[in-house]
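Here is the structure we will look at, set down as structure tokens.
Read-outs throughout are calculated quantities, based only on the coordinates presented, and are distinct from any laboratory measurement. Bear in mind that the values here come from a model prediction, so they are computed numbers and not experimental data. All Cβ positions, glycine included, derive from the backbone under ideal geometry; neighbour counts span all protein chains shown.
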Amino acid sequence: MKITGIRSILFEHKMARPIGDANNPRGRDLNAGLAIFLDADNGLTGVGLGNPSLQADIHAMAQNLLVGRDPRGVVGLWGRMAAFAFKGGNRGAITDVIGALDVALWDLKAKANDEPLWKTLGASSRAVKAYASGIDLCLDDEGIRAFYERQAARGICIGKLKVGLDREGDLRRIGIMKEALATSGREPILLIDSNEYWSPKQAIQHIRYFERHHEIFWAEEPARRWDTTGLRQVSQSVNAAVATGENLDDAADFRALIAQQAADVLQIGVGTGGITGAMRVAQMADGFDLPVSVMNCPGNYMAQFAAVIPNHIWMEVVDAGRDVVFDHDSRVEDGYIILGDRPGNGIQFDMEKLEQHRVTQRSASAAPSPWGRRRGGGLFVVGEGEPLEVGEE
């Protein structure tokens, strides 16, 4: 079995609802992606999703390092790609390239085995506990209530709210999320996420304020991702656990978090170098009795990976309508992502819909965070109604 080539299609579509956080409170409702097809000489094709901006780099990496190789040696091929990136470091955009190809390779391997990826990876259960994540700072109160009630109807009692710009408003919205999750019939578990907008001291002040009213299980990214001193300070000063790591790229980046006791939950996902890269972090964390949580992705395909991690607690489910051009072999039921039996990672592209939504270039407003870090980040809070830029009307 050999890889013969790579194909890809750039697409863009409107989501079912807008998403936004402290750095992007206006929100956005456009989603762009790259459908990746890794072909093999036995007629099988491995599929994955990639960053539209990296289409040329993904093709170049595949042509130079993967074509002519047996895709079943996924871990070895991941090492080959990581070694290729050594000079500049397995960081940033190159990590996204490696991660996207790694997912397609694992899909090919599972299809060659004629089994779902969760079985190829060695999981013994198809169920992965889920938490609801609205990415919801752009939603009004009724929008927040509707989202978490919809998730509660699927048995989810764990919810994560975006916070950071309006303490009183955040407190009110946390209460709304809690009430909505309670309709599941289970005790709600509350998570908050400020997306690295606060300084450590700001984070402590805000989290302590929330904890006077609610029990918060974790505070996500309460300080910059590499600020181990600040993250440890937050962890030691509040009752909530500190969860972080989603914006780190390689296992080496997590070593300092572990060594400095700066994180209580490590967050990993396809951005951590794909399935193989994320597995390296999960195994390292397990050696220190640290739990991990898998980040969201369209179609929840990374649940195939989450199912095999012994120290995994729950996976983020966004449910914003990012699966317009494909279907996936999983469902959310009784608070769990239930994986199916389709060979591979569960994703199956609809070629007709892909053609309908094909674009030649991604719109600027479809970028993951079109406006970057919000003004005042780590220094002072610029509220929701205040301008993004000085002098802006």
Can you give me the long-range amide H partners of L30? Hydrogens built in the peptide plane at 1.01 Å from N, cutoff under 5 Å, separation of 5 or more residues or another chain. M15
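Counting only helical runs of four or more DSSP H residues, what would the 222 nm mean residue ellipticity of the chain come to if each run contributes -39,500 (n - 2.57) and the total is spread over all its residues? Could you put the intermediate results ahead of the total?
Details: 12 runs with 125 residues, N = 393.
Theoretical 222 nm ellipticity from helices: -9500 deg cm²/dmol.
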Between the residues H206, S237, M15, the Cα farthest towards the positive end of the dipole of the chain, that dipole coming from +1 and -1 charges on the beta-carbon of Lys, Arg, Asp and Glu, is from S237
Overall form of the stretch 214-307 per C-alpha gyration tensor (a/c, 1.5; a/b vs b/c): prolate
May I ask which of K2/K111; K14/K353; K129/K201; K129/K160 have a Cα-Cα span longer than 21 Å here? K129/K201
Check each of the chymotrypsin sites (Phe, Trp or Tyr not before Pro) in the stretch 1-109 and keep only those in coil by DSSP with at most 12 other C-beta atoms within 10 angstrom; list them in order. F86
Amide proton proximity set for G269, modelled H, under 5 Å, gap of 5+: M295
Net charge dipole size for the chain [Lys, Arg +1 and Asp, Glu -1 on Cβ; Debye, nearest 20]: 660 debye
Indicate the gyration tensor shape class of the stretch 318-371 (rounded, prolate or oblate), computed on the Cα atoms with a ≥ b ≥ c the square roots of the eigenvalues: a/c under 1.5 is rounded; otherwise a/b larger than b/c is prolate and the rest oblate. oblate
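With r as the distance between the Cβ atoms of M1 and R373 and R0 = 35 Å, compute the FRET efficiency 1/(1 + (r/R0)^6) and round to 0.05. Spell out each step's value before the answer.
On the way: r = 45 Å, r/R0 = 1.28.
For R0 = 35 Å, the calculated efficiency reads 0.20.
Just to be sure I follow the definition: excluding the sites themselves, where is the longest run in the chain that has none of the trypsin sites (Lys or Arg not before Pro) in a DSSP loop with at most 11 other Cβ atoms within 10 Å?
Numbers: sites that count: K87, R212.
Answer from the scan: 213-393.
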Stretched fully, the stretch from S365 through R167 gains (0.36 nm per residue minus C-alpha distance, one decimal, in nm) 68.5 nm
Roughly how many Å is it from the Cα centre of the stretch 129-146 to that of the stretch 318-360, as a whole number? 21 Å
In sequence order, calculated HN-Hα J values of the stretch 230-239 (Karplus, 6.51, -1.76, 1.60; Hz; x Gly/Pro): x, 5, 5, 4, 5, 4, 7, 10, 10, 7
Gained length - Q63 relative to Q348, 0.36 nm times residue gap less alpha-carbon distance: 100.3 nm
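What shape does the stretch 119-352 have by the C-alpha gyration tensor, where a ≥ b ≥ c are the square roots of the eigenvalues, rounded means a/c under 1.5, and otherwise prolate means a/b greater than b/c and oblate the rest?
On the way: a/c = 1.86, a/b = 1.17, b/c = 1.60.
Since a/c reaches 1.5 but b/c is at least a/b, the shape of the stretch 119-352 is classed as oblate.
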